[in-house]
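Contents: one structure, followed by commentary.
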Amino acid sequence: MPPAHTGASTTVAASTPSFPAPEPRSPGRPGYRRMSFALFAAGLATFALLYSTQALLPAISDGFGVTAGQASWTVSAATGALALFVLPLSALSERFGRTRMMTWSMVTAVAVGLLVPFAPNLEWLIALRAVQGAAIAGIPASAMAYLAEEVKPKALVGAIGLFVAGNSIGGMSGRLVTGWAAQAWGWRGGLLTVGVMSLLCAVAFLVLLPRARFFRPASLNPRAVGRTVAGHLRDPLLVRLYGIGALFMTVFGAVYTVIGYRLAEEPYALGQGVIGSVFLVYLVGTVSSAAAGQLVARTGRRGALYLAVTTTALGLLLSLSDALAAILAGLVLITAGFFAGHAVASSSVSRTAKSGRAQASALYQSAYYLGSSAGGTLGALAYHWAGWGATAGIALLAVAGVVSITLYGSHAARAERRSVHLAAVAR
């Protein structure tokens, strides 16, 4: 109880109540676990929605009577829209707040996800998927910035790791759930199942996410953003990293957009649920991306990239076999190589950018998802034209592009070291 006043002589000093300044969140501190689970749910929901049609492409082709190339636009439209909107939405989050941007993006993506199963034709389905991809674009960059502001630096890697785990598990589970649900209720039932699952994740996100305590609104200055972006695009190393990310994702998009068609046809004739289960191979990628840091420590960044592209290329060559076991083994190698290469390239972007890291990462994500969009469409067109061999050929060309960029980077680094050495000798 407060002390009683004993008389009129008692003087109450006017003072401003002081409260301890909030501390960034860390494991064991209040709100950290809620925050982690909220962002895990966000990552799971959004990436389940983003790739929800990929495992269903053969069924969508049959349902609408369209080719693989036409059906592939249900994936490419979503990833392409994400690539186009991630940079402007990341800039808007600087002005209006991370939590507000994530909330509106999540609500919009889930609402559209519940409409997608009722699309009357392919054109409407593609249009809805494009809107969904644009909405999802507001989540990744905002989530990373939210964590960087709210979490202690020592705990940041673990917090981001949990969000990325939600992304990968969401991408895998979305394909897995749609596959088995479609086998029971058709492709529309599969998409509706993912929509309901994402709705539950969105509710968990909205209930659990703590309010931002360290966000400070910044003025929205398009010219300043433009200068930062232009500076990144003039940096040769960053441009090479963007190219590597795009080309790796071209491989991945081509392979996983088309593999369902190949396995649904003779001589395999696998059911929709079994085809969806193929995406469990993603778990291999979770392991290889986690091991990428140790790989870089042992071989250097370029050595790790060479190992990643070699593994990917071997997987593509192995997938040319007609034996189902060889195809699955090839998928394992492709997935392991892709995730390792992506982890090396994406982490190098943050290390290379000296300022404007949010814009540098957003540019990488744009290139990455444009690669996914291009790979899915080109891979499907190639398959329709000449079968799996043509799809693998497109992917191998992208691998050759990664090798060329990496070799050029090695040559440029040696030339720079030689120039510095000669300048030092001349002094």
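The values are calculated or read from the model by the stated rules, or taken from the named source; none is laboratory data. Treat the numbers as computed from the prediction; the structure is a model and nothing was measured. For neighbour counting, all protein chains shown are included, and Cβ atoms are generated from backbone atoms with ideal geometry for every residue, glycine included. Quick note on the areas: whole protein, heavy atoms, side chains included, nothing else; ligands and nucleic acids left out. Shrake-Rupley method; radii C 1.70, N 1.55, O 1.52, S 1.80 Å.
To keep it simple, each residue is scored yes or no on (1) open to solvent by 10 Å² or more (accessible area, probe 1.4 Å); (2) in a helix (DSSP H, G or I); (3) modelled with pLDDT under 85.
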residue: G138; (1), (2), (3): no, no, no
residue: E149; (1), (2), (3): yes, yes, yes
residue: A165; (1), (2), (3): yes, yes, yes
residue: G170; (1), (2), (3): no, yes, yes
residue: G195; (1), (2), (3): no, yes, no
residue: R213; (1), (2), (3): yes, no, yes
residue: L220; (1), (2), (3): yes, no, yes
I'd like to check something: does region 386-397 contain any residue that is open to solvent by 20 Å² or more (accessible area, probe 1.4 Å) and closer than 23 Å to R301 by Cα?
yes
For the list (1) surrounded by fewer than 13 Cβ atoms within 10 Å (Cβ to Cβ); (2) at pLDDT 90 or above, I need the number of the one condition that A426 fails.
(2)
Among the residues of region 310-329, is there at least one that is within 17 Å of the chain's Cα centre (by Cα) and within 16 Å of V399 (Cβ to Cβ)?
no
Any hit, region 282-293, residues being free of Cβ contacts under 8 Å to residues at least 24 places away in the same chain and either crowded, with 20+ Cβ neighbours inside 10 Å or at positive phi (or both):
no
At pLDDT 85 or above, open to solvent by less than 50 Å² (accessible area, probe 1.4 Å) and basic (K, R): does that describe R234?
no
So which of R234, R223 ends up being within 28 Å of R100 (Cβ to Cβ), more than 20 Å from the chain's Cα centre (by Cα) and among the basic types (K, R)?
R223
Pick from region 244-279, criterion small (G, A, S) and buried (at least 20 other Cβ atoms within 10 Å of the Cβ), ranking: farthest from the chain's Cα centre (by Cα)
G260
Would you mind stating whether L320 is modelled with pLDDT of 90 or more and more than 18 Å from F248 (Cα to Cα)?
yes
Going through region 52-78 one residue at a time, which ones are outside any helix (DSSP H, G or I) and crowded, with 24+ Cβ neighbours inside 10 Å?
S52, T53, S72
Quick one: in region 323-379, which of the residues that are touching a residue at least 24 places away in the same chain (Cβ under 8 Å) and not in a helix (DSSP H, G or I) is least open to solvent (accessible area, probe 1.4 Å)?
A353
